[in-house]
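Notes to accompany the following structure.
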Amino acid sequence: MTKPITLPAPAKINLFLHITGKRDDGYHLLESLMAFAGIGDRVTAEPAEILSLTIEGPFAAGLETGPGNLVLRAAEGLADLLGIVPRAHLILEKNLPVASGIGGGSADAASSLAVLCRLWKATPPRDALMKLALSLGADVPICLTGHAAIVRGIGEIIGPPIILPDVWLVLANPGIAVSTPEVFRARSTPFSAPGGEYDFSSNLIDALREQQNDLAAPAASLAPVIDQAVSELNALSGAKLSRLSGSGATAFAIFGTQAEAEQGAITLGERYPGWWIAAGPLLDRTDLANAFF
């Protein structure tokens, strides 16, 4: 009998995020260095006669297990692509806060595709699988590839893998959800010019300081506590750089060592017991067991 298969769904971090334009269909164009943290959800798939979903974990409350759930949509889309009846019981362990700018739903969908390909012993064509991933959300393709890269377009143009230095992160979410469409509507600044070649291998912090998150200001205009979270992270001992990820409301700080990050998370947690705070490494491609390619 086939045993259950479990894969991680690591948090996606926008180390920088530039909004470079807007298409006629309303979709915004971006340029972002996306990477992954050793903090995240987990997706398990086990054999079953019908397709079903169970959600557990600290952020399971309020999430629907019906057809609109992104994990089930991923499963149904993959089954359609393969021309099979979707038969599996999926278990989503929800450890990341919802609507928090760290790609939780996208990572869950990507890991669902990967785990079901293993359960169903299927290897769909890469182009078709990536098209399916993009239909589920702009961040799903990069989450499926599982490596740090510059992402452009609406999420479909993924650059070659980028090897980043060994650093640690502290993530902090002040317990609020921010609507991505509302953040985009709150933008009032000109679009950023698309960048050229980036070098993040020699001095990651200096290179990141030359970039920014174009959604930070509009997000903070809707939720001023975001600026507080970024400032509090930046004030932690050993923090080298702090910034908002995505459209928020999760911010991150980069640390040089595990000890500094873990102590920073403890210190911040004591100061703000109601916030979600976690420490983990910035992952290398080889760490990502959910990478399909």
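Quick note: the coordinates plus some simple rules give every number you see, no bench work behind them. Worth saying up front: this structure is predicted, and the values here are computed from it rather than measured. Using ideal geometry, Cβ is built from the backbone for each residue, glycine included, and neighbour counts are taken over all protein chains shown.
Using only alpha-carbon positions, what ratio does the radius of gyration of segment 168-281 give when scaled by 2.2 N^0.38 Å? All intermediate terms of the calculation are to be shown ahead of the outcome.
On the way: Rg = 14.6 Å, N = 114, 2.2 N^0.38 = 13.3 Å.
Normalised by 2.2 N^0.38 Å, the Cα Rg of segment 168-281 equals 1.09.
Quote the charge dipole size of the chain about the Cα centre in Debye, to the nearest 20; the model charges only the Cβ of Lys and Arg (+1) and of Asp and Glu (-1). Please list the in-between numbers first.
On the way: 20 positive and 29 negative charges, 72 e Å.
Once rounded to the nearest 20, the dipole reads 340 debye.
Taking the simple approach of a point 7 Å from Cα along Cα-to-Cβ for both ILE266 and GLU56, what is their distance in nm?
3.0 nm
Using a basic spin-label model with each label point 7 Å from the Cα along Cα→Cβ, how many nm lie between THR189 and GLU64?
Here the modelled spin labels are 3.5 nm apart.
Mind jotting down the distance between the C-alpha centroids of segment 3-76 and segment 94-137, whole Å?
6 Å
Using a simple spin-label model with points 7 Å from Cα along the Cα→Cβ vector, what separation in nm is obtained for GLU46 and THR180?
That separation, rounded to one decimal, is 3.1 nm.
From the phi of every residue in segment 132-141, what ³J(HN,Hα) in whole Hz does the Karplus formula 6.51 cos²θ - 1.76 cosθ + 1.60 yield, where θ is phi - 60° and glycine or proline is x?
My calculation for segment 132-141 gives 4, 4, 5, 5, 8, x, 4, 8, 5, x Hz in order.
What does the helix-only formula give at 222 nm for the chain: each DSSP H stretch with n ≥ 4 adding -39500 (n - 2.57), the total divided by the residues, and the result rounded to the nearest 500 deg cm²/dmol?
Working: 9 runs with 89 residues, N = 293.
Calculated mean residue ellipticity at 222 nm is -9000 deg cm²/dmol.
Distance from the Cα centre of segment 176-212 to that of segment 243-273, in angstrom?
When both Cα centres are located, 19 Å separates them.
Counting C-alpha atoms alone, how compact is the chain: give Rg to one decimal and Dmax as a whole number, in angstrom.
Here Rg and the maximum Cα pair distance are 18.5, 57 Å.
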